[in-house]
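Scroll down for the structure; my scribbles are underneath it.
The values are calculated or read from the model by the stated rules, or taken from the named source; none is laboratory data. What you are looking at is a predicted structure, and each value in this text was computed from that prediction instead of being measured. Every residue, glycine as well, gets a Cβ built from its backbone with ideal geometry; the counts of neighbours run over all protein chains shown.
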Amino acid sequence: MNGKSSLILAAGLLVAVLIGPWWAQARTTVPRPPVPQSQMGMVPGMMGGMMGGGMMGGQPWMRIHMQAVHSMPPEYRGLQNPLKPTEENILAGGKLYQQTCAVCHGPTGRGDGPGGKTLNPPPAPLALTVPMPMTTDGYLFWRIKEGGQPFGTAMPAWGAALSEEQIWQIILYLRAGFPEIPTNPAPSDTTPSKSGENG
Ligand code: HEC
């Protein structure tokens, strides 16, 4: 090899080094095929990764549920129901649920109450979300007490209308799996007197 040919070789290498990356880049900017649907709409976070591509991941209430589970205020974490799941407490919670919640969440917690038909996001199917491992007592207590205001949803805040005890009773009812509640227990002789009007 003489001096001249190694100079040409060096120049060739230099051109390759300078042009190479541009060439490679130019070649890879060809339009890519669209991202498959299953990879879109993934929620960041552990549970999101597990459920994002699944059936429930696409549901608007599920997105709020995941968002809420991960933004729970510290004062609610670790809260436990102070009441025992006695028949009396479950019955009391059931009556409250059927009176105040069923209109949106449905009598058996499927999210199918008539009052929820036009809501977006729709009422969560509590029968499905309450048994989930991340739905703690503290989570339920917080969501019922403070409602959907932090998330811009129609879930009312019940902190003013219901006592803490009543909220815990409702939670016992949800955890009991929405058993049927006798609405009018034996209306024996408590018929309202119609003769009360003056004449
Ligand atoms: C006006 C309709 C409406 C009524 C009445 C209502 N809710 Fe809701 N609720 C919603 C909507 C909509 C959502 C979903 C959006 C959200 O999570 O904020 C929701 C969400 C929830 C959640 C969170 C569920 C989850 O898995 O994250 C709980 C718990 C809940 N409601 C309990 C109750 C209870 C208990 C009552 C009765 C005391 C009640 N709701 C009454 C509309 C309602």
Going by the conditions given, is PRO122 touching a Gly at 6+ places or on another chain (Cβ under 8 Å) and either on the phi < 0 side of the Ramachandran plot or surrounded by fewer than 17 Cβ atoms within 10 Å (Cβ to Cβ) (or both)? yes
What number of residues within region 107-129 are near the ligand (Cβ under 6 Å from one of its atoms) and of a type in the set (Lys, Arg)? 0
Given (1) at pLDDT below 95; (2) within 11 Å of the ligand (Cβ to nearest atom); (3) part of a helix (DSSP H, G or I), GLY49 misses just (2)
In region 168-187, the residues that are of a type in the set (Gly, Ala, Ser), out of contact with any helix residue (DSSP H, G or I) (no Cβ under 6 Å at 6 or more places or on another chain) and either on the phi < 0 side of the Ramachandran plot or at pLDDT below 95 (or both): ALA186
Exactly one condition in (1) touching a helix residue (DSSP H, G or I) at 6+ places or on another chain (Cβ under 8 Å); (2) in contact (Cβ under 8 Å) with a residue 24 or more places away in the chain; (3) under 18 Å from LEU162 (Cβ atoms) is false for VAL103; which is it? (2)
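Here's the yes/no breakdown for (1) near the ligand (Cβ under 7 Å from one of its atoms); (2) in a helix (DSSP H, G or I); (3) modelled with pLDDT of 95 or more:
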site: GLY78; (1), (2), (3): no, no, no
site: PRO131; (1), (2), (3): no, no, yes
site: LYS145; (1), (2), (3): no, yes, yes
site: TRP158; (1), (2), (3): yes, no, yes
site: GLN166; (1), (2), (3): no, yes, yes
Only one of (1) more than 12 Å from TRP61 (Cβ to Cβ); (2) part of a helix (DSSP H, G or I); (3) near the ligand (Cβ under 8 Å from one of its atoms) does not apply to CYS104, and that is (1)
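Residue-wise test of (1) among the β-branched types (Val, Ile, Thr); (2) under 15 Å from MET72 (Cα atoms).
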position	(1), (2)
LEU126	no, no
THR129	yes, no
THR135	yes, yes
GLY138	no, yes
ARG143	no, yes
GLY152	no, no
MET155	no, no
Can you tell me which residue in region 83-101 is farthest from THR153 (Cα to Cα), limited to those that are β-branched (Val, Ile, Thr) and either more than 8 Å from the ligand (Cβ to nearest atom) or touching an Asp or Glu at 6+ places or on another chain (Cβ under 6 Å) (or both)? THR86
Could you please find all residues in region 80-100 being without any contact (Cβ under 8 Å) to a residue 60 or more places away in the chain and part of a loop (DSSP other than H, G, I, E, B)? GLN80, LYS84, THR86
